[in-house]
1. Quickly run through the range 106-137 and pick out the residues that are more than 15 Å from the chain's Cα centre (by Cα), outside any strand (DSSP E or B) and not charged (D, E, K, R).
2. Give me the residue from the range 11-38 that is in a loop (DSSP other than H, G, I, E, B) and at pLDDT below 80 and, out of that set, surrounded by the most Cβ atoms within 10 Å (Cβ to Cβ).
3. Could you list all residues from the range 39-49 that are surrounded by fewer than 18 Cβ atoms within 10 Å (Cβ to Cβ) and either part of a loop (DSSP other than H, G, I, E, B) or in contact with a Ser or Thr (Cβ under 7 Å, 6 or more places away or on another chain) (or both)?
4. Confirm whether R111 is exposed (fewer than 13 other Cβ atoms within 10 Å of the Cβ), at pLDDT below 90, over 17 Å from S139 (Cβ atoms) and charged (D, E, K, R).
5. Suppose we filter the range 56-105 for residues that are assigned to a loop (DSSP other than H, G, I, E, B) and in contact with a helix residue (DSSP H, G or I) (Cβ under 9 Å, 6 or more places away or on another chain); how many remain?
6. Among the residues of the range 41-83, write down those that are modelled with pLDDT under 85 and under 21 Å from Y122 (Cβ atoms).
7. Among the residues of the range 50-80, how many are surrounded by fewer than 14 Cβ atoms within 10 Å (Cβ to Cβ), touching a Phe, Trp or Tyr at 6+ places or on another chain (Cβ under 6 Å) and of a type in the set (G, A, S)?
8. Spot the failing condition for T100; the list is (1) touching a residue at least 40 places away in the same chain (Cβ under 8 Å); (2) under 29 Å from G30 (Cβ atoms); (3) polar (S, T, N, Q), and only one is missed.
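The values are calculated or read from the model by the stated rules, or taken from the named source; none is laboratory data. This one's a predicted model, so the numbers in the text were calculated from it and none came from an experiment. With ideal geometry, Cβ positions are generated from the backbone for all residues, glycine too; neighbour counts draw on all protein chains shown.
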Amino acid sequence: MPSVQFRVNGTLGVRLRDALRYPTTHNIQGLYDPNALPILSHTSLRVTIRIQWPGYESWTDPNGIHQYDHGYEANLRNRQHIAWQVARSVKTFYDEMRTTQGIEPGWSLGRMATSIAFDDLYLIELRNASRGSWQPVLSWLPANANGTL
C-alpha cells in the first residue's frame with residue numbers, strides 16, 4: 001500500500017501537538033487535502049501503529065487507527081482524523097517511554113534538557129510496515145532551531 005504523507009502549508013510534516021487539537025478545533029490549519037480518504041487496509045476495520053525509536057523497545061498500538069467512523073454507514077476516516085489518531089498513539093508511546101532512559105545517546109524522551117520534547121515532533125508520513133500495520137515517520141525540529149524539516 002502506498003504511504004500517506006502529511007503536508008502543512010506546502011511543507012512536509014504536521015506538528016503532532018497541532019494534530020492532537022483536531023477534535024476540538026475541527027481542522028488542522030493548513031493541512032493539505034485534509035478530507036482525503038486514505039485506505040490503510042482492505043481486510044480490517046482497525047490497523048496497528050508500530051513505533052521503532054532508537055534506544056527503546058519496539059512499541060505497538062494494536063488498534064491505533066480506526067479506519068471507519070462508528071456511524072450507521074461506516075464512513076472512512078479522512079487524512080485529518082488519521083493524523084489525530086497517529087498523534088494520539090505517538091503521545092501514548094512518548095508518555096510511557098519518557099520515564100525510561102533510552103540507551104541511544106541523543107534520542108532520549110522526557111523532561112531533561114537534552115531530551116526530545118513531544119512538542120518538537122512532526123508526523124511526516126505513514127508507511128505500511130506489514131499487513132494491517134503502519135509505522136509513522138517522524139521528524140524532530142527543536143523549538144530553538146531555525147529552519148524547516
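1. Within the range 106-137, G106, W107, S108, G110, M112, A113, T114, S115, G132 qualify.
2. Step one: filter the range 11-38 for residues in a loop (DSSP other than H, G, I, E, B), giving 13, 21, 26-30, 32-38.
From what's left, at pLDDT below 80: 26-27.
Working: H26: 8, N27: 11.
Selected residue: N27.
3. I39, S41, H42, T43, S44, L45
4. Here the answer is yes, as R111 does meet what is asked.
5. 6
6. Across the range 41-83, the qualifying residue is only R77.
7. 1
8. (2)
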